[in-house]
Every structure is written in structure tokens, then in C-alpha cells.
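The values are calculated or read from the model by the stated rules, or taken from the named source; none is laboratory data. None of these values were measured; they are calculated from a predicted model. No Cβ is skipped: glycine too gets one built from the backbone with ideal geometry, and neighbour counts run over all protein chains shown. When the accessible area is computed, the model is the full protein with side chains, heavy atoms only, and any ligands, DNA or RNA have been set aside. Shrake-Rupley method; radii C 1.70, N 1.55, O 1.52, S 1.80 Å.
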Amino acid sequence: MNEERANGVPAAGEPLLQVSHLRVSFQTDRALLCAVEDVSFTVNRGETLGIVGESGCGKSISCMSILKLVQGENVRYEGGEIRYAGENTLTMTEKQLQTIRGRKISMIFQEPMTALNPLYSIGDQMGEVLKLHTKLRKGEIWTRCCEMLEKVRIPNPGEVLQRYPFNLSGGMRQRVMIAMALLTNPELVIADEPTTALDVTIQAQVLDVMRQLQGEYGCSYIFITHDLGVISEMADRVVVMYGGRVCECAETDTLFEHPYHPYTRGLIASRPYRGMQADRLPVIPGNVPSLSNKPTGCPFHTRCPDARDCCREAFPEETTVAEGHTVACWNYAKK
């Protein structure tokens, strides 16, 4: 048994994280609303998994559930398993989860202005991560924080550590969040739409930094976004979600070249591209259904141009259409 396996960490090429049949609901006064239903996916060591879909499709809830960050008296983790290093994080105690959060699995939140505390300096907030998860002394913590800010291409890191979040631009705050996420050299980084609020130039710079750091540290990414352009640049594999379910999963190039699910085809068709002749981008009619009014069967059937009676009656089983490429659609279901 090699050292990696002895420590419970997957060797290269093995799954780092396995989400199986995850189901998350919210209890309201009127009903139990299911936000994530029977979601399964795997993250391999050193890869970037992209998760795409419109707002309200269950992307963030699925990924925040990995560390049980969806919390509250009304939250119900109703089923499934999330396996990391051989352990199911859904059954871990809060104390056990604290040894993983920020140390083995870290998160880059969608809006750094609200994720960073305006009452504490950047140095205090970055240093807190190292105080919790390492035995570094005060001077070593400061040095480590400066090194990480340099790696995300922030000039004058010592000065920035003394500033507060509101003193920094959006791009600088996002780089700070990336630096914080990688301070402890985690195995997995969950990035929840990390470039949504940035302009195109800064977005490209941030993505370049993330690629560079992944190559240096060998970590895995889960990249949550609705931007297919970002996914085409960053992801090795893609999971497409709709209505709290997985519609399609494939390697990135395969998904863009041979999309099977009508929802995937609609997302790709609505993406602008160089040289397009149309005066208006194609759109998917309608809206993502609310949790309180989810349709029966396939949740996409109310907007799908290929919907049939069977689509309204039951959700299709996952079908393998090619090696590494699965789709949940009645048009490709096993007969």
C-alpha cells in the first residue's frame, strides 16, 4: 500500500469525491420542497469538473452540500452519500467537518464583497485560516499570506494585507478569495461562479491565475457557472443540471460537439460566437420552474421542443450514449 492510499487520500487517476443520489429539501409551512433530487457526479484527482445550468437549477446547493454549508432548521438532507477520502460527509459531525472545511476542501464564494468580512483586514481574515488549520507562528503566517497574494498576482502584498475588503476592487477581492482558498493546499476547491461580477479582461486574468495554481498545486476544481465560455476554457468534464437533476454529463469537447439533451442543445445555441449571422440569439422559452410548482416527469418538458407524453409522466433513467457520456432523456432511454 503506497503512502497516499495509507493516508486515505486517492492516488492520481482515482475519484477524489463521489456524490451519489444526493437529495436536499427545504421544509416550509406548506410543503417539503425538493431543491436537489437524485444528483450524482464524480470529481477525479487533478481535474476540473464544470457544473452548468440556469439560476435555480440546484448547482450551488449540490456543491455546498459537500461540506454541509446549506444549513438551517428547515434544511433536510434526505438521501444519498458524499464520499471524500472514504468518509460520508453527510454523516459527519460538525467537529469532523471543521477538519475538512478550508483544509482539505475549500470554497471560493460567488460574491467576495459579502464573503469577506468588512470589519477585519485582509491579513486578519487570511491569517485566521492558517491559525485554524496549521501550526505556523505569527511571522510565518504573514509570510505565507504574502506568498499567496503574490501567486495570484497582487502587487504590494504586505500593504494589501493591511487593507479592508472595501479598499479593494472587485478583481482584487476575487484574487484574495482564491488565495485564501489555496492557503492550506487543499485537495478540492469549489468555485461558485467566481468570475460573474468581473469584466471580461479581469475575468480572463482570474481564470489564468486559477489554471496556473491548479498546475502548481495539483488540486481539483468544481467550477459552478452559467457561462459556457468559461466552462469551455476551464473544465475537463461538464455536468448539466436542470430542475435539481443532472441532465447530461460528458467530457467538455464531447459535450459541445455532440450535445444530446434538448436543454444542453438550447444552452449551447444561446451562446454568442464570432461570425454569427443571426440578428437575435436563440432563447429557451419559459423559465426554470419554482420549487413549489415543479412539473412531474422530466422537469424540462414544459420548455422542451421534443417533449412527449412519457416525458410528462416519469423522469428518464440515465443512459450511456458513448464512453463517458451520459444523458437523462426519454429520446435516448434504453428500450
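Sticking with the crude label model, points 7 Å out along Cα→Cβ, report the distance from Asp306 to Asp124 in nm, one decimal please. Here the answer is 5.6 nm between the modelled labels.
Under a Gaussian network description of the chain, with springs only between Cα atoms under 10 Å, the residue in Cys57, Cys310, Cys145 that fluctuates furthest is Cys310. Residues whose amide H falls under 5 Å from that of Glu87, counting only those 5 or more places apart or on a different chain, are absent, with hydrogens built in the peptide plane. Amide H contacts for Ile100 (H built 1.01 Å from N in the peptide plane; partners 5 or more residues away or on another chain; cut-off under 5 Å): none found.
On full extension, the segment bounded by Glu14 and Ala197 gains 62.5 nm, given 0.36 nm per residue less the C-alpha separation. In the range 26-104, the ratio of gyration radius to Kirkwood radius, Rg to Rh, stands at 0.96 when only Cα atoms are counted. Once the Cβ-Cβ distance of Thr296 and Lys95 is raised to the sixth power relative to R0 = 41 Å, the FRET efficiency obtained is 0.50. Scanning residues 5 or more positions from Val36 or on other chains, those with amide H under 5 Å from its amide H are Val24, with H placed 1.01 Å from N in the peptide plane. The length gained on full extension between Thr320 and Asn287, counted as 0.36 nm times the residue separation minus their Cα-Cα distance, comes to 9.1 nm. Taking Rg and Dmax of the Cα atoms in Å as calculated from this structure, the corresponding entry among (1) 20.8, 67; (2) 21.5, 84; (3) 19.8, 59 is (1). Between the alpha-carbon centres of the range 110-126 and the range 252-306 there is a gap of 36 Å. Applying the Karplus relation 6.51 cos²θ - 1.76 cosθ + 1.60 with θ = phi - 60° to the range 230-245 yields 3J(HN,Hα) values of 5, 4, 5, 8, 9, 8, 8, 10, 10, 10, 9, 10, 8, x, x, 10 Hz, where x marks Gly and Pro.
For the range 94-136, what is the accessible area per residue in Å², given a 1.4 Å probe and the full set of protein chains? Spell out each step's value before the answer.
Values: 2500 Å² over 43 residues.
For the range 94-136, the solvent-accessible area averages 58 Å² per residue.
Note on the chain: GNM, Cα springs under 10 Å; of Gly102, Gly324, Gly171, the largest mean-square fluctuation is that of Gly324.
Accessible area of the chain with a 1.4 Å probe: how many percent of it is carbon plus sulfur? Could you put the intermediate results ahead of the total?
Values: 7970 of 16660 Å².
Looking at the chain in its full context, I get 48 percent from C and S.
GNM on the chain, alpha-carbon springs under 10 angstrom: the most fluctuating residue among Ser220, Ser62, Ser270 is Ser270. Estimated at the nearest 10 Å², the accessible area of Tyr77 is 70 Å² with a 1.4 Å probe. Here the chain is treated with +1 on each Lys and Arg Cβ and -1 on each Asp and Glu Cβ, and its dipole about the Cα centre works out to around 540 debye. Helix 138-151 and the long axis of the chain differ in direction by around 50°, with both axes built from C-alpha atoms.
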